[in-house]
Amino acid sequence: KQEVTQIPAALSVPEGENLVLNCSFTDSAIYNLQWFRQDPGKGLTSLLLIQSSQREQTSGRLNASLDKSSGRSTLYIAASQPGDSATYLCAVRTGANNLFFGTGTRLTVIP
Amino acid sequence: GAVVSQHPSWVICKSGTSVKIECRSLDFQATTMFWYRQFPKQSLMLMATSNEGSKATYEQGVEKDKFLINHASLTLSTLTVTSAHPEDSSFYICSASYSTGSYEQYFGPGTRLTVT
């Protein structure tokens, strides 16, 4: 069964700093990988989706990379802002209906 | 596009009662809907997958007689927590997808259930 791990579990950084969140998965036979943001008590907001054939995706200050063979993905956030404070979840899709979520990284950006 | 809503956003009920949560795809027809549960500071765990007009497929360890799922139309799925107990208190999130190459799921805002 696919297992998805995110490190670190929590991270605090000063405003303006660049940061990297890590996601690893045990089975490299994935369809795609997706990064989500979740604010406290709220649902999920999709940030980036990387197909298995892609190496990276960018959206604004966010850049996600995928190394399928090693089972790793990173989410890079440039010039962090207090509004970026949230929990970030990565999820890998192994089939049409199979989406496995990581444990999340709780990010706090200190003004 | 691809907006999913849930109702209610939060609910408090007494132990032993049943609670129904609705999940709607507002601007697309969802061939498949999913129900997840999230405990505090934990990730999402898939409870069940449902296709319109057919019985839901439950994940191992999820009691189908306790968590009744109905997917009566291409835009509506309901989750009924029957005879709720305090340990059922959780955040329930639904998602919906339509058949595309990416099979992307679009998530609802979640429902906070508290059983007293």
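The values are calculated or read from the model by the stated rules, or taken from the named source; none is laboratory data. All values derive from a computational prediction rather than experimental measurement. So basically every Cβ, Gly included, is an ideal-geometry build from the backbone, and we count neighbours across all protein chains shown.
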From the residues in region B:70-116 that are within 9 Å of another protein chain (Cβ to nearest Cβ) and more than 17 Å from residue B:36 (Cβ to Cβ), which one is surrounded by the most Cβ atoms within 10 Å (Cβ to Cβ)? B:102
Is there a residue in region B:15-33 that is more than 24 Å from residue A:106 (Cα to Cα), in contact with a His (Cβ under 8 Å, 6 or more places away or on another chain) and without any contact (Cβ under 8 Å) to a residue 24 or more places away in the chain? no
Number of the condition not met by residue B:83 [criteria: (1) part of a loop (DSSP other than H, G, I, E, B); (2) modelled with pLDDT under 95]: (2)
Candidate set from region A:62-89 (those that are of a type in the set (S, T, N, Q) and touching an Asp or Glu at 6+ places or on another chain (Cβ under 9 Å)); member that is nearest to residue A:21 (Cα to Cα): A:74
Identify all residues within region A:69-107 that are within 14 Å of chain B (Cβ to nearest Cβ) and of a type in the set (Val, Ile, Thr); write none if there are none. A:87, A:92, A:94, A:103, A:105
Which of the residues belonging to region B:52-67 are in contact (Cβ under 8 Å) with a residue 12 or more places away in the chain, away from every other protein chain (no Cβ under 11 Å), within 20 Å of residue A:97 (Cα to Cα) and more than 10 Å from the chain's Cα centre (by Cα)? B:52, B:53, B:54, B:56, B:62, B:64
Tally the residues that are farther than 22 Å from residue B:108 by Cβ and outside any loop (DSSP other than H, G, I, E, B), restricting the search to region A:60-89. 15
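Out of all the residues in region A:12-26, is one or more more than 13 Å from the chain's Cα centre (by Cα) and either under 26 Å from residue B:90 (Cα atoms) or modelled with pLDDT under 95 (or both)?
No - not one qualifying residue is present in region A:12-26.
Can you tell me which of B:17, B:100, B:49, B:31 is over 15 Å from the mean Cα position of the chain (by Cα) and at pLDDT below 95?
B:100
Results for (1) in a strand (DSSP E or B); (2) touching a residue at least 24 places away in the same chain (Cβ under 8 Å), shown as yes or no for each residue.
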position: A:16; (1), (2): no, yes
position: A:20; (1), (2): yes, yes
position: A:37; (1), (2): yes, yes
position: A:50; (1), (2): yes, no
position: A:54; (1), (2): no, no
position: A:97; (1), (2): no, no
position: A:100; (1), (2): yes, yes
